[in-house]
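In what follows, a structure is listed as structure tokens, so that the remarks can point back to it.
The numbers here are math on the coordinates, done by the rules we state, and not lab data. Just so you know, these numbers come straight off a predicted model, no measurement behind them. Backbone-built Cβ (ideal geometry, glycine too); neighbour counts: all protein chains shown.
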Amino acid sequence: MANTKKFPPFFFFVFFCYCCFSVSSSSFVPEIKVQQDKDEPYVGVNIGTDVSNLLAPTDLVAFLQLQKITHIRLYDADPDILKALAKTKIRVIISVPNNQILAIGSSNTTAASWIGRNVAAYYPETLITAIAVGDEILTTVPSSAPLIMPAIESLYSALVAANLHTQIKVSAPNAASIILDPFPPSQAFFNQSMSSVLTQLLQFLSRTESPLMMNLYPYYVFMQNKGVVPIDNALFKPLTPSKEMVDPNTLLHYTNVLDAMIDSVYFSMKNLNVTDVVVLVTESGWPSKGDSKEPFATIDNADTYNSNLIKHVFDRSGTPLHPEITSSVYIYELFNEDLRSPPLSEANWGLFHGNSTPVYLLHVSGSGTFLANDTTNQTYCIAMDGIDKRTMQAALDWACGPGRANCSEIQPGESCYQPNDVKNHASYAFDSYYQKEGGSPGSCDFKGVAMITTTDPSHGSCIFPGSKKVSNKTSQVVNATQASGANTVRFH
């Protein structure tokens with residue numbers, strides 16, 4: 001899960017000390033013959049389930065289809081979700097939870113039973129593409145490390161017996177911290193205490209043409225190296241040449257942290273003489289809210305990171321070391337997991353709230369403003385349920401006062417006065433402010449009492465500011481995608 005992804009701060013300091021000079025040409029780069037991924041690079045999403053009132057499996061699948069999301073990763077092999085995914089085009093990575101590694105790694109019979117129960121029972125109606133064995137076992141449960149390869153080999157043998165081994169890959173997700181001295185990437189190497197297991201894993205992945213699954217979080221790199229790593233590098237923002245990170249050994253220029261992390265994986269594999277395994281980023285993201293110790297966990301930064309990440313994948317620009325290989329990425333995560341324990345950021349990695357309303361709008365340069373699930377770009381800002389009246393009234397007063405929202409329609413006798421309650425009036429005022437601000441990130445928050453929705457809250461003669469029923473003369477909403485004729489970017 002997200003809170004375990006850490007990188008040593010010292011190494012980025014060394015990297016940036018090397019990068020204080022400007023270089024303009026590339027030097028010799030070690031030959032690495034990575035096999036080209038057979039599929040187009042895609043963006044998928046992780047689905048964690050520590051969510052209050054999580055959508056029922058059939059509703060979840062309908063929601064995924066509405067979002068045009070066709071690649072997901074589960075942290076288990078939930079039978080109800082797998083059943084609901086049948087006959088859809090959604091491809092799913094299922095997982096062996098960490099607490100099942102011992103049993104599967106100790107018994108071929110148990111592994112075969114697991115495949116029969118969780119794979120063969122659903123495939124091919126449900127498009128299972130891979131099995132993730134554990135989650136960051138090497139760093140979170142090192143005592144189970146010796147069981148990873150027995151578990152993987154047993155599961156693979158069971159797939160072979162079922163004649164599914166060419167359709168379904170087996171791998172193990174790893175934390176970035178398995179790599180030591182990661183920056184500059186050319187100096188990276190795997191933690192030598194794990195090299196025995198990793199060598200076996202990589203040889204298996206090479207033999208079966210499977211990817212190395214890595215959970216890579218530029219957010220944690222930035223947080224542990226503040227003052228050394230500029231936030232623009234972490235967020236994929238455009239950089240001047242002087243701010244690009246440069247590997248002094250290869251003279252490769254890095255414009256973002258994620259590419260440097262991916263290349264550090266490739267160089268680490270090269271050090272173990274493995275040159276034909278592709279990196280699959282099974283987790284990456286940015287939290288939209290944090291406590292006082294995480295001031296950079298904001299809606300704006302989460303929006304910027306994930307929007308630019310999506311664009312980076314779809315641009316198919318690869319990495320400086322491997323421009324021909326673009327890693328597919330699973331965003332962490334689909335829903336805010338409000339049941340997660342502190343810090344606050346742990347519950348705020350999602351693109352959506354548990355009730356399926358978006359946490360923020362995603363933006364992709366050149367494609368207008370788009371919501372991950374809404375190709376019409378029509379969104380509204382309304383008051384959340386369960387907020388006490390005093391807090392809601394304070395937010396309403398701000399919106400109609402300093403916020404300069406148009407609150408004339410919620411005055412006595414006007415069209416949106418009824419029902420006469422704080423929540424209803426606040427919803428209208430919030431939407432007025434949100435539309436006035438052009439739906440910009442962070443404009444639908446009001447200290448946590450508002451949320452974005454794609455459902456038009458208009459009722460009766462009360463027409464909300466964001467409604468399509470409002471003429472262009474009075475509405476601040478412009479469908480940027482339709483207006484420009486640009487293609488809407490979707491998850492795949």
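Below, the figures for the structure above:
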| quantity | calculated |
| --- | --- |
| Volume per residue that the Cα convex hull of the range 380-468 spans, once the total is divided by residue count, Å³ | 89 |
| Summed side-chain charge close to residue 336 - residues other than residue 336 whose Cβ falls under 13 Å, Lys, Arg +1, Asp, Glu -1 | -3 |
| Unsatisfied cross-links (Cα-Cα over 22 Å) in the set 423/447; 68/311; 243/293; 226/289 | 243/293 |
| Computed over the range 213-309, Cα set: Rg, Dmax in Å | 14.4, 44 |
| Length gained when the stretch residue 53-residue 103 is fully extended (0.36 nm per residue, less Cα-Cα span) | 14.9 nm |
| Percentage relative contact order, the range 43-352, counting C-alpha pairs under 8 Å, at least six apart | 18 |
| Aspartates and glutamates whose Cα lies under 18 Å from that of residue 83, excluding same-chain neighbours fewer than 8 positions away | 59, 125 |
| Förster-model FRET efficiency, 35 Å R0, residue 390 and residue 461, C-beta, rounded to 0.05 | 0.75 |
| Sparse-neighbourhood loop sites, GluC sites (Glu not before Pro) in the range 292-370 - DSSP loop, at most 14 other Cβ within 10 angstrom | 324 |
| Set of aspartates and glutamates with alpha-carbon distance to residue 389 below 13 Å, sequence-local pairs under 8 removed | 397, 421 |
| Peptides ranked, highest mean first, by Cβ atoms within 10 Å: ranges 257-267, 404-414, 443-453, 107-117 | 257-267, 443-453, 107-117, 404-414 |
